[in-house]
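Beneath this line is the structure, given in structure tokens, with notes to follow.
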Amino acid sequence: MTIFERIKAFIPQPGFMTYMLLSIQAIYFIILMMNSVPGYSAGIADVLSMIYGLFTLFLFSSVIEYFLYSRILKRIFIPALLFTLWSLNAYQLSTGSSLDYSLVRDNIGISFSSEAISLISSNFSFFDAAFLLFILITAFLLEWRFSFSDSDVRMTFKSAVSALILWVVFVLFPLQSGDGFTLFAKTMLSNDDISLYAGTVSEDYPYDKKLIPLTGISSTVPPSKRVKPNVFLILIESFNANFVEAKAPDGIDYTPNFNSLINRGLYIDRFYGNSVQTCKGQAAVFYSLLPGYNGKIFVDYPELNISGFPLILTEAGYQTIFFQAYHNLKFDNTENSMYKAGFSIVKSYSEFRKKEDKPHIWGWGVEDGIFYERFFQMLDTLHASAPEKPVFASLMTIGTHIPGDGLPPEKRTIYKDPKNIKEKYSNALRLSDSQLPRFFELLKERKYLENSIVIISSDHSFPMKEHGIYNNEVCFYDETFRIPFLLIWDGVIKPERVKKRVYSQIDIGPTITDLLGIREASHNMTGISIFDRKSNNPVYLIQPYNGRFLQVVDYPLKYITHQKTGKEYLFDLENDPGEMVNLMTGNYNVKTVNNLKDSLKTVYLNQQLIDSNKIRKNRK
């Protein structure tokens with residue numbers, strides 16, 4: 001045997017599946033180039049990267065083909081792999097980023113409801129669906145004509161092993177290039193525990209406290225208003241702050257009713273959700289804790305010893321209620337997590353649904369107006385059984401959930417025939433805003449609620465292509481995190497607009513306890529009251545997906561580090577609110593950047609405390 005023949009024995013011989021996968025990937029590379037997706041262009045570096053991607057796909061497919069030794073296996077796995085490669089490339093075409101393993105890992109358990117399927121499918125266009133159909137028909141016709149699955153040609157063991165070794169080497173190699181399968185595999189390996197950067201966790205449980213800092217705001221409350229006011233926290237689903245006081249194409253504000261309320265209360269111009277997705281936002285709001293970058297506190301840390309500010313209010317004599325519009329309280333373990341936060345009552349609108357509500361239910365659930373009505377009807381019943389108890393209630397709406405499908409045509413006031421997510425969202429947000437006054441009408445009708453604090457905010461934001469991105473699990477700019485925050489307490493809180501300080505969801509709990517003057521209480525809250533205008537209060541933002549972006553906002557500066565690539569960003573939000581100029585590419589103050597970077601140890605430590613279950617001590 002010659003040397004050439006010996007070498008040839010280790011070279012994989014592609015079969016039908018490999019040729020099909022390579023063809024699909026090559027076509028998608030061209031499509032990605034035509035759509036100017038970052039990393040795909042006619043430049044030499046990008047072309048070489050795409051050739052590299054074809055080679056990694058060749059290796060991966062060769063390994064799989066070795067195991068497809070029967071016709072049944074071929075007919076099962078070939079269509080499955082064709083579909084998977086299509087999905088990976090279609091996702092990248094839609095989002096501009098390869099699929100992240102952590103996104104799949106964190107959300108696989110909630111991906112099979114009809115609403116979740118609708119959300120996932122919104123990432124794919126008509127072209128994607130047509131191309132998938134073309135792929136499957138082509139594969140079927142080729143199989144029907146040539147019967148490739150009956151072929152006796154098989155990869156040799158030597159060639160399969162050599163392909164596997166090379167593919168693993170390329171997966172481990174720190175180069176962010178490759179085909180969809182390889183890039184996905186790289187994300188599985190890159191999710192290492194970077195909390196080690198924070199050093200060893202102290203045994204002192206740094207979040208576990210017995211006193212809550214007060215600013216003195218409660219002492220300014222008139223005596224007639226001071227005795228345990230009711231508190232309502234409305235979290236409007238996916239409320240992007242960029243739409244507040246912004247004009248829609250019809251010349252009317254997107255949120256005219258919310259805008260009019262700003263003059264009645266205290267509004268924070270730069271208020272942030274600490275992460276993405278509802279369960280992460282709720283963890284930040286109710287636990288006053290950064291939600292972490294590994295998994296979901298609600299789902300992945302069921303044994304975590306933690307409590308929220310609702311427990312403080314429950315112990316202070318409040319009737320504490322969590323009421324959500326979405327029908328499924330088991331979704332992301334919401335019900336258990338709300339009880340753990342300290343709510344005494346956890347309910348869903350579905351328990352109070354009436355037949356006449358049906359025309360007002362679409363998309364992910366019921367419209368806000370009906371949701372408010374059913375809430376107050378429930379509240380009246382609870383009040384009748386315990387009239388002495390003041391109320392703290394959080395209302396979680398659903399009407400503006402992405403993608404906004406299903407809104408009846410007669411309720412589309414901005415775009416009659418919406419073509420994309422932004423147009424659908426605009427219609428849904430306008431409808432939600434038009435029904436916000438109904439909450440205040442119902443509140444005013446009830447004498448037992450005449451002394452009430454109302455806070456309006458959101459569970460998280462959602463990007464509306466401000467930087468060309470619609471996907472909440474990819475984007476890292478302000479539109480992914482900025483949400484409104486408005487606090488109204490008529491006769492107590494004077495109208496005010498805070499412009500040059502930043503606050504976030506973890507500050508909501510401390511703000512409420514500050515207003516109520518509650519000082520002595522065991523807690524693990526990490527935020528500060530929005531009435532604290534002196535303490536340094538950097539805001540931390542966590543994009544756990546797309547390679548993980550960790551951020552700190554110390555107004556006016558915002559520093560971002562991308563864990564996967566090591567790339568850094570620095571924006572001056574005062575002079576560059578659109579985040580167009582990355583100051584890291586020019587002249588910047590090295591000391592300032594190092595201080596911001598060093599402050600991210602707070603995020604690492606937070607994750608370490610979660611992982612080691614040291615948020616608070618066990619209490620009998």
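Every number here is computed from the coordinates shown, using simple stated rules; none is lab data. This structure is a prediction, so every number in the text was calculated from the model and none was measured. Here the Cβ positions follow ideal geometry from the backbone for every residue, glycine too, while neighbour counts run over all protein chains shown.
Percent of Cα-Cα pairs more than 30 Å apart in the chain, please. Intermediate values should be presented prior to the final figure.
On the way: 110897 of 191890 pairs.
In whole percent, the share of Cα-Cα pairs in the chain beyond 30 Å is 58.
Go ahead and run the numbers for FRET between Thr592 and Ser36, Cβ-Cβ distance against an R0 of 35 Å, rounding to 0.05.
On the way: r = 34 Å, r/R0 = 0.96.
According to the calculation, E is roughly 0.55.
At q = 0.16 Å⁻¹, work out log10 I(q)/I(0) for region 3-190 with the Debye formula, treating every Cα as an identical point scatterer and leaving solvent out; two decimals please.
Log10 I(q)/I(0), no solvent term: -1.12.
Collect residues whose amide H, placed 1.01 Å from N in the peptide plane, falls under 5 Å from the amide H of Phe392; neighbours closer than 5 in sequence don't count.
It is Val231, Gln319, Thr320, Ile321, by chain and number.
Using +1 at the Cβ of each Lys and Arg and -1 at the Cβ of each Asp and Glu in the chain, identify which of Ala45, Ser522, Phe58 lies farthest towards the dipole's positive end.
Checked the options; the winner is Ser522.
Cut-off under 16 Å on the C-alpha distance; same-chain residues fewer than 8 positions from Lys354 excluded. Which aspartates and glutamates are left, in chain and number order?
Counting by Cα, and skipping residues close in sequence, Lys354 has these aspartates and glutamates nearby: Glu367, Asp368, Glu373.
Identify all aspartates and glutamates with a Cα-Cα distance to Lys186 below 16 Å; exclude those on the same chain that are fewer than 8 residues away in sequence.
Reachable aspartates and glutamates: Asp100.
Do any trypsin sites (Lys or Arg not before Pro) in region 380-421 lie in a DSSP loop with no more than 10 other beta carbon atoms within 10 Å, and if so, which? Don't jump to the answer; show the numbers that get you there.
On the way: sites: Lys411, Arg412, Lys416, Lys419; in loops: Arg412, Lys416, Lys419.
Qualifying residues, ordered by number: Lys416, Lys419.
Return the subset of Lys424/Lys597; Lys411/Lys558; Lys209/Lys567; Lys347/Lys444; Lys340/Lys389 for which the Cα-Cα distance in this structure is over 29 Å, preserving the input order.
Working: Lys424/Lys597 38 Å; Lys411/Lys558 39 Å; Lys209/Lys567 37 Å; Lys347/Lys444 23 Å; Lys340/Lys389 21 Å.
Lys424/Lys597; Lys411/Lys558; Lys209/Lys567, as the Cα separations exceed 29 Å there.
Rounded to the nearest Å, what's the spacing between the alpha carbon centres of region 274-329 and region 223-241? Just the number, please.
When both Cα centres are located, 17 Å separates them.
In degrees, nearest 10, range 0 to 90: what is the angle between the Cα axis of helix 71-95 and the longest Cα principal axis of the chain?
50
On a 0 to 90 degree scale, rounded to 10, what angle separates helix 590-599 from the longest Cα axis of the chain?
Around 80 degrees separate the two axes.
Write down the Kirkwood hydrodynamic radius of region 547-590, to one decimal in angstroms, obtained as one divided by the mean of 1/r over all alpha carbon pairs. Walk me through the numbers on the way to the answer.
Values: mean 1/r = 0.0933 Å⁻¹.
Every distinct Cα pair counted, the radius reaches 10.7 Å.
Taking the Cα centroid of region 123-138 and of region 385-413, what is the distance between the two, rounded to the nearest whole Å?
36
Tell me whether region 502-620 comes out rounded, prolate or oblate; compute the Cα gyration tensor, take square roots of the eigenvalues as a ≥ b ≥ c, and use a/c under 1.5 as the rounded threshold.
Numbers: a/c = 2.70, a/b = 1.55, b/c = 1.74.
Cα axes put region 502-620 in the oblate bin.
Could you run the Debye sum over the Cα atoms of region 232-271, one equal point scatterer each and no solvent, and tell me log10 of I(q)/I(0) at q = 0.13, 0.18 Å⁻¹, two decimals?
-0.29, -0.56
Can you tell me the convex hull volume per residue for region 335-443, based on C-alpha atoms, in Å³ to the nearest whole number? Numbers along the way, then the final one.
Numbers: hull volume 12.8 nm³, N = 109.
For region 335-443, the hull spanned by Cα atoms encloses 117 Å³ per residue.
Helix 126-146 against the longest principal axis of the chain: what's the angle in degrees, Cα atoms only, rounded to the nearest 10?
The two axes meet at around 30 degrees.
Per DSSP H run of n ≥ 4, the term is -39500 (n - 2.57); total these for the chain, divide by its residue number, and report the mean residue ellipticity at 222 nm rounded to 500 deg cm²/dmol.
On the way: 20 runs with 249 residues, N = 620.
Rounded to the nearest 500, it is -12500 deg cm²/dmol.
Hey, got a sec? Which chymotrypsin sites (Phe, Trp or Tyr not before Pro) in region 45-96 land in a DSSP loop and have at most 16 other Cβ atoms within 10 Å? Don't skip to the end; give the middle numbers.
Details: sites: Tyr52, Phe55, Phe58, Phe60, Tyr66, Phe67, Tyr69, Phe77, Phe83, Trp86, Tyr91; in loops: Tyr69.
Here the sparse-neighbourhood loop sites are Tyr69.
When we measure straight from the Cα of Lys534, which lysines land under 18 angstrom away, once same-chain ones fewer than 8 places off are left out?
Lys499, Lys500
In nanometres, what is the gap between the two model label sites at Lys419 and Asn582, each 7 Å from Cα along Cα-to-Cβ?
Computed distance between label sites Lys419 and Asn582 equals 3.1 nm.
Just to confirm my numbers, what's the Cα centroid distance between region 20-46 and region 558-576 in Å?
Each part's Cα centre sits 27 Å from the other's.
Whole-Hz Karplus ³J(HN,Hα) for region 19-32, in order, using 6.51 cos²θ - 1.76 cosθ + 1.60 and θ = phi - 60°, x for Gly and Pro?
Once rounded to whole Hz, the list reads 4, 5, 5, 5, 5, 4, 5, 4, 5, 5, 4, 5, 5, 4.
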